[in-house]
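The values are calculated or read from the model by the stated rules, or taken from the named source; none is laboratory data. Predicted, not measured: the structure shown is a model, and the values here were computed from it. Ideal geometry is used to build each Cβ from the backbone, glycine not excepted, and the neighbour counts take in all protein chains shown.
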């Protein structure tokens, strides 16, 4: 039977499962300002792998490779060390490290899906990570609002391709929706003409590579052009020394405007800079307009290189910029009508353990011949990135679990523009991404906006040269500690327990579910739990725990029936992996425990923050829904009932 928004009880438990009515407060149409703030070159595990309640180092669905090791065990060869054949993620603290963000190195790390060649194919430091004490502002913002733990880079490549897809919807892979002969954007080429690898050698054989990629400048339509046509005000706030991170300058139209018509709206809004070389140019303008409540409908912010978090620039300096941007938005008189999206363009060569969701082989506009290896591969989406949404409708320390990438920000703009009566649709976005990447609208709780104050951790002002006033964080570190401060690589000196550390805690889940977390399922102040006796195992509705993570019998793990499909919503459910040896036991359609082959298949659908998740038992064709009551009853009934879900770490 089709699902509806009807808030009713399960038939056999009707008196106990009724809802209270909540009047609608806000909606997508009530958002007046969208701010898109993108930083540089960090991966999700690298920043947030230790955070509680996200898909991090406690991932119960971590991929097991043919060598019977999880993907956390990265291969090591004898050229690197004879002390071990593997390296686990390791803590690097502020000393940091570096990796390579190139197409070749990142595809080598992916290793056609085993994803265990970061050490050999990139660098050993690729799998280094930070903790809360190193990036307290980043953790503070994620804890106060909503973090997305399945947000992916748009392309398995470097900065320019990812920023091009962010502001144009495409990198022009052949077969896609862009009508251009300029070739796909695969690297950071920023000089007229094409990148090309005519010949290279594989296993002793000379191979011809595809020619004519990254043919600068580009000639397809950008998102700001659509905004302009729809009458949506917009502006690119940017520092003068912005690392070349404004992708609009890579497009022929904007180059022509810069040369012939600087007063044109696209040039004024997309290319103009302020500050006369001062690194605060763009930031001061943004803060001024936010304080006055006069931001345009869409703001892009691109900061100075020194605050971008691109190695060797410091994450703590980027944290200061995060705080400046968040404070500007939250203290604005229009905060109650503003959404701030914080993202990163690509991983910078930092590793992530989750194999990217991507399209099936041969999907138009998504698959390409790798110019370095001559094999067919997907261009994107790529590895996971840090991603947080700040707004009155995302408060509360939640985790958003839907598959998303840079295209998602454009899909959100489209959905928002339609809701406010100024619709546009980017023709450049490929069909597969429209179907499978989130438009982010499920991240918001429109019924319960929260504008209460948030006290973020202290952020030290970035260091600057006394004579020039220019930012010099990395140089100052070298003056203080020398230029070889990277931590040692712990070859042969690791255990999983010591390396894969995770904070204890939980986050409320929002959005369509994906694998990767221990889950607690609640309804009416009751929590689904296992009750073990000497002769059988039953399911009960036990009292909900305030801390969520500390009751092993209340933990469950979902398993996608097809883990490769980004938009799949059918799952089997197993007991928590550490509970009385029952990790291999699954919920059956009779609400007993059985083997994986005996497991029930549930369609798990997110109806919104207020309505929650419904679990429809679909494998047997019964079409009945999971429900529970405060008096300890659990069962399957004929009507849908919403559940709250929490992701827990312990």
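Observations on the structure shown:
- The criterion of being at pLDDT below 95, touching a strand residue (DSSP E or B) at 6+ places or on another chain (Cβ under 9 Å) and either crowded, with 17+ Cβ neighbours inside 10 Å or not in a helix (DSSP H, G or I) (or both) does not hold for residue 394.
- Figure legend. Inter-residue proximity from the range 342-361: first residues farther than 23 Å from residue 245 by Cβ, second residues modelled with pLDDT under 95 and outside any loop (DSSP other than H, G, I, E, B), beta-carbon distance below 7 Å, spacing 6+ or different chains. Indicated pairs: 355/113; 358/378; 359/378; 361/367; 361/376.
- Restricting the range 367-391 to residues that are at pLDDT 95 or above and in a loop (DSSP other than H, G, I, E, B), the residue that is farthest from residue 110 (Cα to Cα): 391
- Answer residue from the range 183-196, given it is surrounded by fewer than 24 Cβ atoms within 10 Å (Cβ to Cβ) and touching a helix residue (DSSP H, G or I) at 6+ places or on another chain (Cβ under 9 Å) and is farthest from residue 255 (Cα to Cα) among those: 187
- The single condition among (1) farther than 30 Å from residue 424 by Cα; (2) in contact with a strand residue (DSSP E or B) (Cβ under 6 Å, 6 or more places away or on another chain); (3) part of a loop (DSSP other than H, G, I, E, B); (4) at pLDDT 95 or above that residue 154 does not meet is (1).
- All conditions in (1) touching a helix residue (DSSP H, G or I) at 6+ places or on another chain (Cβ under 8 Å); (2) modelled with pLDDT of 90 or more hold for residue 231, with the sole exception of (1).
- Across the range 397-410, the number of residues qualifying as buried (at least 22 other Cβ atoms within 10 Å of the Cβ) and within 22 Å of residue 329 (Cα to Cα) comes to 7.
- Scanning the range 119-126 finds no residues that are within 21 Å of the chain's Cα centre (by Cα) and over 21 Å from residue 308 (Cβ atoms).
Matching residues to (1) without any contact (Cβ under 8 Å) to a residue 24 or more places away in the chain; (2) part of a strand (DSSP E or B); (3) crowded, with 20+ Cβ neighbours inside 10 Å:
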position: 572; (1), (2), (3): no, yes, yes
position: 582; (1), (2), (3): no, no, no
position: 597; (1), (2), (3): yes, no, no
position: 600; (1), (2), (3): no, no, yes
position: 626; (1), (2), (3): no, yes, yes
position: 631; (1), (2), (3): no, no, no
position: 640; (1), (2), (3): no, no, yes
position: 645; (1), (2), (3): no, yes, yes
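- Identity of the residue in the range 274-288, in a helix (DSSP H, G or I) and touching a residue at least 24 places away in the same chain (Cβ under 8 Å), that ends up farthest from residue 320 (Cα to Cα): 285
Quick grid of which residues meet (1) assigned to a strand (DSSP E or B); (2) at pLDDT 85 or above; (3) surrounded by 22 or more Cβ atoms within 10 Å (Cβ to Cβ):
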{"position": "529", "(1), (2), (3)": "yes, yes, yes"}
{"position": "535", "(1), (2), (3)": "no, no, no"}
{"position": "547", "(1), (2), (3)": "no, yes, no"}
{"position": "578", "(1), (2), (3)": "no, no, no"}
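- Test: residue in the range 259-273 that is free of Cβ contacts under 8 Å to residues at least 24 places away in the same chain, within 16 Å of residue 228 (Cβ to Cβ) and part of a helix (DSSP H, G or I): yes
- Test: residue in the range 491-508 that is crowded, with 22+ Cβ neighbours inside 10 Å and within 11 Å of residue 647 (Cβ to Cβ): yes
- For the range 185-214, filtering for residues that are within 20 Å of residue 245 (Cβ to Cβ) and modelled with pLDDT of 85 or more leaves 9.
- Subset of the range 606-621 [buried (at least 20 other Cβ atoms within 10 Å of the Cβ) and either under 29 Å from the mean Cα position of the chain (by Cα) or in a loop (DSSP other than H, G, I, E, B) (or both)]: 606, 609, 611, 612, 613, 614, 615, 616
- Against the conditions (1) surrounded by fewer than 20 Cβ atoms within 10 Å (Cβ to Cβ); (2) within 24 Å of residue 346 (Cα to Cα), residue 321 satisfies every one except (1).
- The listed residues are 45, 59, 30, 26, and the only one of them that is more than 25 Å from residue 349 (Cβ to Cβ) and at pLDDT 95 or above turns out to be 30.
- Of the residues making up the range 70-87, those that are under 17 Å from residue 498 (Cα atoms) and either modelled with pLDDT under 95 or part of a loop (DSSP other than H, G, I, E, B) (or both) are 71, 72, 73, 84.
Listed here are the residues, each with its yes/no results for (1) touching a residue at least 12 places away in the same chain (Cβ under 8 Å); (2) buried (at least 24 other Cβ atoms within 10 Å of the Cβ); (3) over 20 Å from residue 400 (Cα atoms); (4) touching a strand residue (DSSP E or B) at 6+ places or on another chain (Cβ under 9 Å).
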residue	(1), (2), (3), (4)
116	yes, yes, yes, yes
122	yes, yes, yes, no
127	yes, yes, yes, yes
131	yes, no, yes, yes
138	yes, yes, no, yes
143	yes, no, no, yes
148	yes, yes, no, yes
158	yes, yes, yes, no
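- Among the residues of the range 223-241, those identified as surrounded by 20 or more Cβ atoms within 10 Å (Cβ to Cβ) and over 19 Å from residue 410 (Cα atoms) are 238, 239.
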